[in-house]
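The values are calculated or read from the model by the stated rules, or taken from the named source; none is laboratory data. Fair warning: this is a prediction, and the values are worked out from it, not measured in the lab. Methodologically, a virtual Cβ is constructed for each residue, glycine included, from the backbone with ideal geometry; neighbour enumeration extends over all protein chains shown. Remember, those area values only see protein heavy atoms, side chains included, never the ligands or the DNA or RNA. Shrake-Rupley method; radii C 1.70, N 1.55, O 1.52, S 1.80 Å.
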Amino acid sequence: MKQTIFVSSTFIDLEVHRRLVRDAIARLELTFKAMEFFGALPDTPKAECLRLVRASNIFVGIIGMRYGFVDPNDGKSMTQLEYEEAQAIRLPTLMYLIDEEHHPVLPKFVDTGAGAEKLLAFKGQLKTAHVVNSFSSPEDLAAKVTQDVVRFVGAMEKAPGAQVLPQLATTATRMHRLTPPRFTFLKGKVAGTCTQEVPDSVLQESLGFLLGGDNMAAAFTLSRGTPMPLDDAIDSLMKIEKILMELVKNPQVAREGDTP
């Protein structure tokens, strides 16, 4: 099965880096996912970014000298939100930090003030959580990504069953898109049904598949995004389905979760 790699970074300052990494991934006959290929899609850029992270096999994060666009709701950059989404679903992660001593950077691509402080904290978080690699040029980055991805893909091919999970998220089409108020309502109703804590993004996608009639995609999404085994995910979704059926039988209660 062809592996899908999500590449996360700020854009304008690292445009050449992204292009060379994309070309390197293409030469490996793998699939490159990134924001520049969105086109017309139904959800917000943030929602689509996080959805593509969940539909990928490997996460590649490239951090330069800019923190990037900050989402007003979270107070975090899209790059950090994409990274945190990858960690929430335990996605294999490769992180690359710019070599600040040897990589030339134009002054306009260096954050100052609050952006610089958030970037410094984010880099510190990455260095604590991962064995990060540094890059001193776009070509150096592309070479290191190539080497690391080849190693990762080789290891992942030894467990081919795991590749079904992201593939389902990529190809499944029967998903009911929940509005934020509806999701908040349903989240409250199904609280406590799962044996493990479930990130909101994973629960929302699982509920969307379940409501769309794709129970298998819902189970695989829930299992992949949490430490629970597939059997436990199926059991949890059976309980959730009963709750949803009760809501259908009682439309007045169900309407409490409608968008105002």
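Residue by residue through the range 235-250, note down the ones that are open to solvent by less than 60 Å² (accessible area, probe 1.4 Å) and of a type outside the set (S, T, N, Q). First the steps, then the outcome.
Narrowing the range 235-250 to residues open to solvent by less than 60 Å² (accessible area, probe 1.4 Å): 236-237, 240, 243-244, 247.
Matches in the range 235-250: Leu237, Ile240, Ile243, Leu244, Leu247.
What number of residues within the range 65-83 are open to solvent by 50 Å² or more (accessible area, probe 1.4 Å) and either closer than 14 Å to Ala121 by Cα or assigned by the TED database to the domain that holds Pro227 (or both)?
Matching residues across the range 65-83 total 2.
How many residues, within the range 172-186, are open to solvent by less than 80 Å² (accessible area, probe 1.4 Å) and either within 20 Å of the chain's Cα centre (by Cα) or among the aliphatic types (A, V, I, L, M) (or both)? Even if it seems obvious, please write down each step before you answer.
If we filter the range 172-186 for residues that are open to solvent by less than 80 Å² (accessible area, probe 1.4 Å), which is where we start, we get 172, 175, 178-179, 181-183, 185-186.
Those left that are additionally either within 20 Å of the chain's Cα centre (by Cα) or among the aliphatic types (A, V, I, L, M) (or both): 172, 175, 178-179, 183, 186.
Number satisfying all stated conditions: 6.
Restrict the check to the range 102-114 and report whether at least one residue is touching a residue at least 40 places away in the same chain (Cβ under 8 Å), among the small types (Gly, Ala, Ser) and open to solvent by less than 50 Å² (accessible area, probe 1.4 Å).
No: zero hits.
I'd like to check something: does the range 217-233 contain any residue that is open to solvent by 70 Å² or more (accessible area, probe 1.4 Å), modelled with pLDDT of 85 or more and charged (D, E, K, R)?
no
Hey, any hits in the range 108-116 for a residue that's closer than 25 Å to Arg19 by Cβ and under 20 Å from the mean Cα position of the chain (by Cα)? Steps first, answer last, please.
Here is the first cut: in the range 108-116, the ones closer than 25 Å to Arg19 by Cβ are 108-111, 115.
From what is left, the residues that are under 20 Å from the mean Cα position of the chain (by Cα) are none.
Checking the range 108-116: not a single residue is closer than 25 Å to Arg19 by Cβ and under 20 Å from the mean Cα position of the chain (by Cα).
Please determine whether any residue of the range 19-40 is touching a residue at least 40 places away in the same chain (Cβ under 8 Å), within 18 Å of the chain's Cα centre (by Cα), open to solvent by less than 20 Å² (accessible area, probe 1.4 Å) and within 24 Å of Ser134 (Cα to Cα).
Within the range 19-40, not a single residue is touching a residue at least 40 places away in the same chain (Cβ under 8 Å), within 18 Å of the chain's Cα centre (by Cα), open to solvent by less than 20 Å² (accessible area, probe 1.4 Å) and within 24 Å of Ser134 (Cα to Cα).
Only residues in the range 199-219 that are acidic (Asp, Glu) count as the first member; pair them with residues that are at pLDDT below 85, Cβ under 6 angstrom, at least 6 apart or cross-chain, and list the lot.
Every condition considered, the pairs that remain are Glu205/Thr221; Asp214/Ala172; Asp214/Arg174.
Need the failing condition index for Ala88 against (1) touching a Pro at 6+ places or on another chain (Cβ under 8 Å); (2) at pLDDT 95 or above, just the number.
Evaluating Ala88 over (1) touching a Pro at 6+ places or on another chain (Cβ under 8 Å); (2) at pLDDT 95 or above leaves (2) as the failure.
Since Leu168 meets every condition but one in (1) open to solvent by 20 Å² or more (accessible area, probe 1.4 Å); (2) modelled with pLDDT of 80 or more, which condition does it not meet?
(2)
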